[in-house]
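First the structure, in the form of structure tokens, and then the observations on it.
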Amino acid sequence: MITAYSCRCGRTYRPTADRWRCDCGGLLDLPPAALPWPPRRDTASLWRYLDAGDLPWREVTMGEGGTPLVEEDGGLRLKLEYASPTGSFKDRGAVVLVALARALGATRLVADSSGNAGAAAAAYAARAGLPAEVFVPARTSEKKLAQIRGHGAAVTVVEGSREDTAAAAMARVGETGAFYASHVHNPYFHEGTKTFALEVFEQLGGAVPDVLALPAGNGTLVLGAWRGFEELRAAGLSGGVPRIVAVQAERCAPLAAAWAAGRPEPEPVRAALPTVAEGIAVAAPARGSRVLEAVAATGGGVVTVAEDEIAAAHAALAARGLWVEPTAAVPYAAVRRLRAEGSPLLGGTVVAPLCGSGLKASL
Ligand SMILES: Cc1ncc(COP(=O)(O)O)c(C=O)c1O
Ligand SMILES: [Zn+2]
């Protein structure tokens, strides 16, 4: 599974514990992977879809993946990502990064997060016996902080934006040589999140949904799901990919602004207003241009939802037995609005994830 990183500048690198960006400063990518199919049968976890090679995944897995796909009215299916071991979809990527860190001989790990990715990194690091430090922005929910600390990770709270938090984590990585378990910078995270797509495909009986409505902060689920459906298509297992509708909170929407203006790069939001969707409040998403590319390539779009729409969607989900954190109601809020508008973005089978548990943060 350990394949070389590449950068758009042409450089390539064999992964090492201290490599998280290109010498040119650019982002690292992984080449398209061949999809082992049919999935293996010796595990029910997401590892059934991955050619794990030398990764010591059995030492760290908690059976992540395999989340329920629940049918709602009008062709909508909700994928209960909050039924993951640490209560969010971030387990998909975190387990791969921690297995990679072990394989590369890392002795400590640093992550930065709005909360859920940090909780997932801390949990899997604990299982791997790796000391971890997680940097979080000051407004992170108390329950997420307790979860991160509970797993034994050191928490450093950073005053300022999500970007200031990332900068502090990068500085610590520079000082200590720790493995940077970054869901934004390390492309192996997408090897984990791509399994979301592979599960949906199997749960629909070997069919591709027409639409995926996905939350987008840094876009790790957008990029992973796109990768997964592209790999299915490249393997000749499907005829196409779903339209990806990326959803942002109106109060912090750099991708939606770029999309509306037809720009290929997100314009960083300078003064983002506070939003209940703390998990996607990312003012300057590092892989933003790639997220816009995914949306355009699939014929989708980027839309925003307002605070009152998120609250209404949260309540509507609760009334259906589904208890999620406010951020996790965002894609469903968009589906409700687009349906009410009769938007051409919807139609056919629509899949939306519920990414985080309501036990982690409330309105
Ligand atoms: C509940 C929830 N949903 C969605 C997201 C967005 O993920 P991304 O930033 O990768 O787009 C996050 C990220 O922390 C999250 O915690
Ligand atoms: Zn480069």
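Among the GluC sites (Glu not before Pro) in the stretch 63-172, those located in a DSSP loop and surrounded by at most 16 other Cβ atoms within 10 Å of their own Cβ are GLU72, GLU159. Within the shell of other residues whose beta carbon sits under 10 angstrom from the beta carbon of PHE179, the net charge comes to +2, with Lys and Arg scored +1 and Asp and Glu -1.
Using just its DSSP H runs of length 4 or more, each adding -39500 (n - 2.57), the chain gives a mean residue ellipticity at 222 nm of -10000 deg cm²/dmol after division by all residues. Remark: CYS252, CYS24 ranked as CYS24, CYS252, counting other beta-carbon atoms within 10 Å and listing the fewest first. The trypsin sites (Lys or Arg not before Pro) of the stretch 257-351 that DSSP puts in a loop, and whose beta carbon has at most 15 other beta carbons within 10 Å, are ARG270, ARG320. When only alpha carbons are used to place a centre, the stretch 312-350 and the stretch 6-81 end up 26 Å from one another.
Normalised by the number of residues in the stretch 91-180, what is the relative contact order in percent for Cα pairs under 8 Å and 6+ residues apart? Present the calculation step by step, with values, prior to reporting the outcome.
On the way: 159 pairs, mean separation 27.9, N = 90.
Taking the mean separation of contacting Cα pairs over the length of the stretch 91-180, I get 31 percent.
Counting lysine pairs in the chain whose alpha carbons fall under 15 angstrom apart, excluding pairs fewer than 8 residues apart on the same chain, gives 7.
Quick check: net charge around ALA128, other residues with Cβ under 12 Å of its Cβ, Lys/Arg +1 and Asp/Glu -1?
On the way: positive: ARG58, ARG102, ARG108, ARG127; negative: GLU59.
That works out to +3.
For the pair ALA306 and ARG40, the difference between a 0.36 nm per residue extended length and the Cα-Cα distance amounts to 91.5 nm.
Remark on GLU72: its backbone amide H falls under 5 Å from those of ARG77, LEU78, a criterion applied only to residues 5 or more positions apart or on other chains, H modelled at 1.01 Å from N.
Using the charge dipole of the stretch 194-291 (Lys, Arg: +1 at Cβ; Asp, Glu: -1 at Cβ; taken about the Cα centre), state which of ALA284, GLY205, ALA256 has its Cα farthest towards the positive end. Positive-end residue among those listed: ALA284. With the Cα gyration tensor of the chain giving a ≥ b ≥ c as the square roots of its eigenvalues, does the rule (a/c under 1.5 for rounded; else a/b larger than b/c for prolate; else oblate) give rounded, prolate or oblate? Because its axes are fairly even, with a/c under 1.5, the chain counts as rounded.
Throughout, read-outs are computed from the coordinates displayed, never taken from laboratory work. Worth saying up front: this structure is predicted, and the values here are computed from it rather than measured. All Cβ positions, even for glycine, are placed from backbone atoms using ideal geometry, and neighbour counts span all protein chains on display.
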